[in-house]
Amino acid sequence: MKPKSHSIFCMKPGMDYGARIYQSIHMTGGAIMGSGPSNSVVNRHSQSRDLHNLFVYGASLFPQNIGYNPAGLPAALTHFSAEKMRDYLKIPPCTR
Ligand SMILES: Cc1cc2nc3c(=O)[nH]c(=O)nc-3n(C[C@H](O)[C@H](O)[C@H](O)COP(=O)(O)OP(=O)(O)OC[C@H]3O[C@@H](n4cnc5c(N)ncnc54)[C@H](O)[C@@H]3O)c2cc1C
């Protein structure tokens, strides 16, 4: 195929990073999942360690990039967490 035009964009050292420009990136992290409060924000059920009525979903749960297309895993983690959230909602509010 002979495209009319094409361009290559490379970040140079010191350039400000921006996610607004189109690029096939897998942004992850920010509310990571882990084994305990010392290494994570949420537990294995995506439940916040500080606010037990807050459940966090998405690629923000990843401690690092997984090196594969990431979209399936947040969906699976959300499905896994749904059961925990359902159990949580069964607990009478005043005793949560
Ligand atoms: C160009 C591109 C191509 C990709 N191709 C693939 C691929 O082929 N396969 C794959 O597995 N992954 C792919 N990815 C990565 C995949 O899209 C992401 O990993 C996935 O969407 C992350 O899901 P998420 O729920 O964490 O975030 P998102 O899907 O980004 O969802 C976050 C949502 O929150 C909304 N939002 C943001 N701020 C606020 C706010 N303040 N209030 C309310 N709503 C807000 C946003 O509008 C958005 O709808 C691609 C990503 C890009 C950018």
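The values are calculated or read from the model by the stated rules, or taken from the named source; none is laboratory data. A quick note: this is a predicted structure, and the numbers were derived from the prediction, not measured. With ligands, DNA and RNA removed, areas are computed over all heavy atoms of the protein, side chains included. Shrake-Rupley method; radii C 1.70, N 1.55, O 1.52, S 1.80 Å.
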Based on DSSP H runs of at least 4 residues, each adding -39500 (n - 2.57), what is the mean residue ellipticity at 222 nm of the chain after dividing by all its residues, to the nearest 500 deg cm²/dmol? -7000 deg cm²/dmol
If I fit a long axis through the Cα atoms of helix 72-90 and take the longest principal axis of the Cα atoms of the chain, what angle between them do I get, 0 to 90°, rounded to 10? 20
So what's the chain giving for Rg/Rh, alpha carbon basis, Kirkwood Rh from the mean inverse pair distance? 1.16
The chain - percent of accessible surface contributed by carbon and sulfur, probe 1.4 Å: 60
